[in-house]
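Notes follow the structure.
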Amino acid sequence: MSTDEELAVGLLGRTDYGRAATSMRALPFLAFARHIVVDGRVLLRMPRSSGYHRACAGSVVAYGSDNLDSARPGERLWTVQVVGTCEAHDPTAAEIERFGPAPRAVDGVPFDPVYLRIEPRFGTVYAMDGGLGRHFQYAV
């Protein structure tokens, strides 16, 4: 894994939640998800009740996160996005534990998790340090 790839995946691994972007019935949408990074792959946990997992699984998705609302004073601001194929995933007990406690309900519906896996093919990091931006892409 190149330095750029390590940075992108490493930054994504610093956050707990992000958004998956894909399309459903030819319309674009964003879906929130809890994520963890395992061996360079992004594992997602979504609520089954949203149905978004059906649009994501078997498709190419973009998944992104950032520290725009959590950066400490003086810390560099960044956003990261990875793009790759998304498939259903059967998590191990250790992976489920890494996701942490699940919510009891989402939108008033008892939470029933669905797990997905993104195999990143490329990604983008945009970092701002002292008001200057830096942008790069990597391909896997």
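Accessible surface area normalised per residue over the chain is 58 Å², counting heavy atoms of protein chains with a 1.4 Å rolling probe. In the chain, taking the dipole from charged Cβ atoms about the Cα centre, the farthest positive-side position among P28, P73, H89 is held by P28.
For the chain, the fraction of 1.4 Å probe accessible surface lying on carbon and sulfur atoms is 52 percent.
Close amide H partners of H89, meaning residues 5 or more places away or on another chain with modelled amide H under 5 Å apart, are Y115, L116, R117.
Using a Gaussian network model of the chain in which every pair of alpha carbons under 10 angstrom is joined by a spring, one finds that among G51, G123, G74 the greatest mean-square fluctuation is at G74.
Of the peptides 95-101, 54-60, the ranking by mean beta-carbon count within 10 Å, highest at the top, reads 54-60, 95-101. With Cβ to Cβ distances under 11 Å as the rule, what net charge do the other residues near P113 carry (K, R +1; D, E -1)? Here the charged neighbours net out to +2. Ellipticity at 222 nm from helices only: DSSP H runs of n ≥ 4 in the chain, each -39500 (n - 2.57), divided by the residue count, give -4000 deg cm²/dmol. The label point for D90 and the one for R25, both projected 7 Å from the Cα toward the Cβ, are 3.2 nm apart. Taking the longest Cα principal axis of the chain as reference, the axis of helix 3-12 is set at about 50 degrees.
Here the contact order of the chain, divided by its residue count and restricted to Cα pairs under 8 Å and six or more residues apart, works out to 27 percent. Over the chain, the alpha carbon radius of gyration divided by the compact-protein estimate 2.2 N^0.38 Å works out to 1.06.
The values are calculated or read from the model by the stated rules, or taken from the named source; none is laboratory data. Here the structure is a predicted model, which means the values were calculated and not measured. Don't worry about glycine lacking a Cβ; one is built from the backbone with ideal geometry, like all the others, and counts go over all protein chains shown. Accessible surface is based on the protein model in full, side chains and every heavy atom, while ligands, DNA and RNA are left aside. Shrake-Rupley method; radii C 1.70, N 1.55, O 1.52, S 1.80 Å.
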